[in-house]
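Note sheet for the following structure.
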Amino acid sequence: MAKQVIKVPDLGGADQVDVIEITVAVGDTVAQEDSLIVVEGDKASMDVPAPVAGKILSISVKEGDKVSEGDVIGEIETDVAEAPAEEPAAAPAKEETAPAAEPAAEAPAAAVSGEPKEETIQVPDLGGADAVDVIEISVQPGDAVEEGDSLIVVEGDKASMDVPSPSAGTVVSIAVKEGDKVSTGDTLGVLKVVAIGAAEPAATAAAPAATAPAESAPQQASASVEPPAVPQKDHQLERDFTAAAQVYAGPAVRKLARELGVTLNKVKPTGPRNRVSKDDLHNYIREQVKKAESGAVGVGGGIGIAKMPDIDFSQFGPVNVEPMSKIHKITAANMSRNWLNVPHVTQFDDADITELETFRKSMKAEAEKRGVKLTPVPFLLKAVAAALRAEPSFNVSLHNDGEHIVRKDYVHVGMAVDTPKGLMVPVIRNVDKKGLYELAAEATEMALKARDGKLKPNEMQGACFTISSLGAIGGTGFTPIVNSPEVGILGVSKLAMKPVWNGKDFEPRQMLPLALSYDHRAVNGGDAGRFMTYLVSVLADVRRLLL
Ligand code: CAO
């Protein structure tokens with residue numbers, strides 16, 4: 001094992017670049033080429049790769065430091081022999097030497113007169129990298145650019161770089177789009193060069209200027225004349241806007257964002273110069289997962305629905321902000337989920353329970369002797385169970401695969417209970433097989449357990465259908481929300497004496513208002529109509545339960 005000093009490799013001419021990310025920690029084992037730190041110059045960011053495989057012994061730079069080629073950034077313990085002295089330490093693979101965004105070598109050095117001239121813009125030397133991705137188009141046709149302004153951003157395995165404009169001018173066309181792959185010399189577009197400067201000596205570049213036609217010469221001579229002005233002020237404004245919209249991130253972060261399918265401009269940057277770091281990406285993903293797992297919690301935010309604005313209610317009067325109970329929060333999340341996912345239809349009817357009430361009252365004393373309270377609820381439980389057997393279209397759940405429907409051969413009914421801590425729905429099992437006294441006893445026991453917070457999780461699971469009775473509280477009707485994966489729920493309101501036409505006269509009858517909400521994906525209107533009609537007929541004549 002030998003100790004090797006790790007140095008900043010050739011930065012393609014850039015100097016004093018910022019260390020924007022440290023991607024390893026002391027003790028980490030790295031493979032050759034693994035990113036150690038990310039540096040960023042004016043035009044490009046690049047990963048500094050491990051020169052050899054080994055264990056990181058020290059890191060001598062920190063985020064925010066400035067480094068230049070040859071600076072020591074740490075030490076690595078390796079069993080790979082050190083490179084001979086004449087070779088540059090930690091010489092990165094060619095493509096890692098982030099090309100310092102030199103203007104396109106192939107491009108003309110400058111137009112040679114005040115006359116606008118169209119130039120083809122080509123991809124400059126990419127430091128050996130080939131077929132790099134175009135990850136951003138920074139300009140569009142018609143944009144005025146200055147020499148050195150970013151035209152597009154490309155990204156290879158180890159570095160991303162801006163491709164700068166070779167001259168000041170106006171973008172005529174851009175021949176590439178995001179996602180394309182480009183290599184050195186490829187055509188990027190056309191630039192109308194409006195500014196001129198002294199012509200470069202022909203030897204500086206293999207540029208068309210060097211082979212300019214002879215008649216250009218006199219114009220070259222007049223090149224020191226002030227160039228036609230690029231609209232500097234507007235251009236500056238444009239650049240400010242571009243800067244505001246631009247996302248700064250190192251290649252490793254961009255790669256991770258692509259792997260995770262994250263759009264970088266949605267991530268809140270916390271790094272130097274508003275740079276998005278890996279931590280920012282991870283925090284963003286954590287937030288999104290949390291949101292997704294909790295459902296559309298709160299008062300907005302699900303399926304692209306605009307969030308409700310935050311309101312300071314104290315501006316309108318005294319308020320007291322209290323934490324919601326756990327049950328309340330779970331109920332809120334479930335209600336939002338069910339409301340947003342289930343296409344609800346609610347059907348209404350009144351059940352004539354005059355005879356049922358006469359019978360119930362006649363049985364009250366006997367029930368009390370048995371220690372049970374005979375309210376309308378056990379009758380409703382029994383009638384709903386009979387309706388679920390008679391119209392099994394309601395005793396189903398939709399399979400999550402969207403391809404199947406689950407038909408149930410058991411009848412468990414949930415009963416909504418109003419408790420000080422919130423709404424709870426204990427489940428009474430095999431309701432179709434139980435008698436009225438048994439159901440009355442069980443309903444009372446479950447309601448007490450719910451109010452005392454003593455329900456076990458399995459006592460709140462497995463319902464086929466739910467009854468929500470507000471009869472003891474009041475109201476003439478309401479539209480309950482289906483308790484998915486069940487597909488139906490019955491809302492019961494307060495019994496009222498109403499005049500009912502019997503063919504000859506209006507008769508006073510005790511009418512129970514019912515509202516049946518159902519999931520229209522699972523149940524159609526005809527099934528719902530039959531279910532409700534059957535239910536009402538059973539409640540009107542409980543002898544039918546014996547049939
Ligand atoms: N119309 C008129 N009176 C009714 C009635 C109705 N539909 N239903 C019940 N009553 C009467 C009962 O007969 C009883 O009267 P008596 O004491 O004179 O006999 C009285 O109202 C009180 O009944 P109860 O509340 O003790 O018992 P219950 O069986 O009617 O209800 C339960 C039990 C657990 C369903 C109920 O207590 C409850 O919590 N209801 C609220 C459910 C709820 O919150 N639903 C909304 C969910 S969505 O937000």
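The values are calculated or read from the model by the stated rules, or taken from the named source; none is laboratory data. What you see is a predicted model; the values in this text were computed from it and never measured. Cβ atoms come from the backbone with ideal geometry, glycine included; neighbour counts cover every protein chain shown.
Look through the range 367-406, keep the residues that are hydrophobic (A, V, I, L, M, F, W, C), within 39 Å of the chain's Cα centre (by Cα) and crowded, with 16+ Cβ neighbours inside 10 Å, and return whichever of them is nearest to the ligand (Cβ to nearest atom).
Residues of the range 367-406 that are hydrophobic (A, V, I, L, M, F, W, C), as a first pass: 367, 372, 374, 377, 379-381, 383-388, 390, 394, 396, 398, 405-406.
Restricting the remaining residues to those that are within 39 Å of the chain's Cα centre (by Cα) gives 394, 396, 398, 405-406.
Applying the additional criterion that residues be crowded, with 16+ Cβ neighbours inside 10 Å yields 394, 396, 398.
Details: Phe394: 19, Val396: 22, Leu398: 22 Å.
Step by step, filter the range 367-406, then rank; the result is Phe394.
Does Lys494 satisfy the condition of being within 10 Å of the ligand (Cβ to nearest atom) and either free of Cβ contacts under 8 Å to residues at least 12 places away in the same chain or charged (D, E, K, R) (or both)? Write out each step before concluding.
Numbers: within 10 Å of the ligand (Cβ to nearest atom): yes; either free of Cβ contacts under 8 Å to residues at least 12 places away in the same chain or charged (D, E, K, R) (or both): yes.
Against the criterion (within 10 Å of the ligand (Cβ to nearest atom) and either free of Cβ contacts under 8 Å to residues at least 12 places away in the same chain or charged (D, E, K, R) (or both)), Lys494 qualifies.
Could you grab me the full set of residues in the range 471-503 that are farther than 27 Å from Val396 by Cβ and among the hydroxyl-bearing types (Ser, Thr, Tyr)?
Thr476 - this is the single residue of the range 471-503 that is farther than 27 Å from Val396 by Cβ and among the hydroxyl-bearing types (Ser, Thr, Tyr).
So is Lys364 closer than 27 Å to Pro499 by Cα and either buried (at least 20 other Cβ atoms within 10 Å of the Cβ) or assigned by TED's automatic domain parsing to the domain that holds Tyr518 (or both) or not? Steps first, answer last, please.
Working: closer than 27 Å to Pro499 by Cα: yes; either buried (at least 20 other Cβ atoms within 10 Å of the Cβ) or assigned by TED's automatic domain parsing to the domain that holds Tyr518 (or both): yes.
Yes; evaluated as a whole, the condition is true for this residue.
Could you tell me whether the range 353-366 includes any residue that is outside any helix (DSSP H, G or I) and out of contact with any Gly (no Cβ under 7 Å at 6 or more places or on another chain)? Quick ask: steps written out before the conclusion?
Here is the first cut: in the range 353-366, the residues outside any helix (DSSP H, G or I) are 353.
Next cut, out of contact with any Gly (no Cβ under 7 Å at 6 or more places or on another chain) only: 353.
Yes, because at least one residue in the range 353-366 is outside any helix (DSSP H, G or I) and out of contact with any Gly (no Cβ under 7 Å at 6 or more places or on another chain).
Restricting the range 3-19 to residues that are crowded, with 21+ Cβ neighbours inside 10 Å and at pLDDT 85 or above, which is farthest from the chain's Cα centre (by Cα)?
Applying the filter and picking the extreme gives Gln4.
Checking the conditions here, which among Leu512, Leu455, Leu535 is more than 20 Å from Met424 (Cα to Cα), more than 9 Å from the ligand (Cβ to nearest atom) and of a type in the set (A, V, I, L, M, F, W, C)? Outline the logic, then answer.
Working: Leu512 fails: more than 9 Å from the ligand (Cβ to nearest atom); Leu455 fails: more than 20 Å from Met424 (Cα to Cα).
Of Leu512, Leu455, Leu535, the one residue that is more than 20 Å from Met424 (Cα to Cα), more than 9 Å from the ligand (Cβ to nearest atom) and of a type in the set (A, V, I, L, M, F, W, C) is Leu535.
Out of curiosity, is Leu423 in the same structural domain as Glu355 (by TED's automatic domain parsing) and within 9 Å of the ligand (Cβ to nearest atom)?
Values: in the same structural domain as Glu355 (by TED's automatic domain parsing): yes; within 9 Å of the ligand (Cβ to nearest atom): yes.
In short, yes.
Of (1) more than 17 Å from Glu486 (Cα to Cα); (2) of a type in the set (A, V, I, L, M, F, W, C); (3) touching a helix residue (DSSP H, G or I) at 6+ places or on another chain (Cβ under 7 Å), Ala385 satisfies all except one. Which?
If we test Ala385 against (1) more than 17 Å from Glu486 (Cα to Cα); (2) of a type in the set (A, V, I, L, M, F, W, C); (3) touching a helix residue (DSSP H, G or I) at 6+ places or on another chain (Cβ under 7 Å), just (1) comes out false.
Go through (1) out of contact with any Lys or Arg (no Cβ under 7 Å at 6 or more places or on another chain); (2) at pLDDT 80 or above; (3) within 27 Å of Asn283 (Cβ to Cβ) and name the single condition Leu256 misses.
All conditions pass for Leu256, except number (1).
Applying the selection to the range 458-473, what residues are surrounded by 15 or more Cβ atoms within 10 Å (Cβ to Cβ) and within 13 Å of the ligand (Cβ to nearest atom)? Break it down into steps so the answer makes sense when it comes.
As a first pass, look at the range 458-473 and keep what is surrounded by 15 or more Cβ atoms within 10 Å (Cβ to Cβ): 459-460, 463-471.
Matches in the range 458-473: Thr466, Ile467, Ser468, Ser469, Leu470, Gly471.
For the structure I just gave you, tell me whether Gly503 is modelled with pLDDT of 95 or more and under 20 Å from Val377 (Cα atoms). Show your work before the answer.
Working: modelled with pLDDT of 95 or more: yes; under 20 Å from Val377 (Cα atoms): no.
Considered against the rule, which asks whether it is modelled with pLDDT of 95 or more and under 20 Å from Val377 (Cα atoms), Gly503 comes out as no.
Only residues in the range 268-283 that are farther than 16 Å from Ile37 by Cβ count as the first member; pair them with residues that are among the basic types (Lys, Arg) and at pLDDT 85 or above, Cβ under 7 angstrom, at least 6 apart or cross-chain, and list the lot.
The qualifying pairs are Asp280/Lys268.
Consider the range 474-503. How many of its residues are surrounded by 19 or more Cβ atoms within 10 Å (Cβ to Cβ) and at positive phi?
Final tally of qualifying residues: 0.
Give Val523, Val431, Val482 a once-over and let me know the one that is aliphatic (A, V, I, L, M), in the same structural domain as Val538 (by TED's automatic domain parsing) and more than 16 Å from the ligand (Cβ to nearest atom).
Going through Val523, Val431, Val482 in turn, the sole match is Val523.
Assess whether Ser160 counts as being more than 17 Å from Lys181 (Cα to Cα) and either at pLDDT below 85 or surrounded by fewer than 23 Cβ atoms within 10 Å (Cβ to Cβ) (or both). I'd like the intermediate steps shown before the answer.
Numbers: more than 17 Å from Lys181 (Cα to Cα): no; either at pLDDT below 85 or surrounded by fewer than 23 Cβ atoms within 10 Å (Cβ to Cβ) (or both): yes.
For Ser160, the condition - more than 17 Å from Lys181 (Cα to Cα) and either at pLDDT below 85 or surrounded by fewer than 23 Cβ atoms within 10 Å (Cβ to Cβ) (or both) - is not met.
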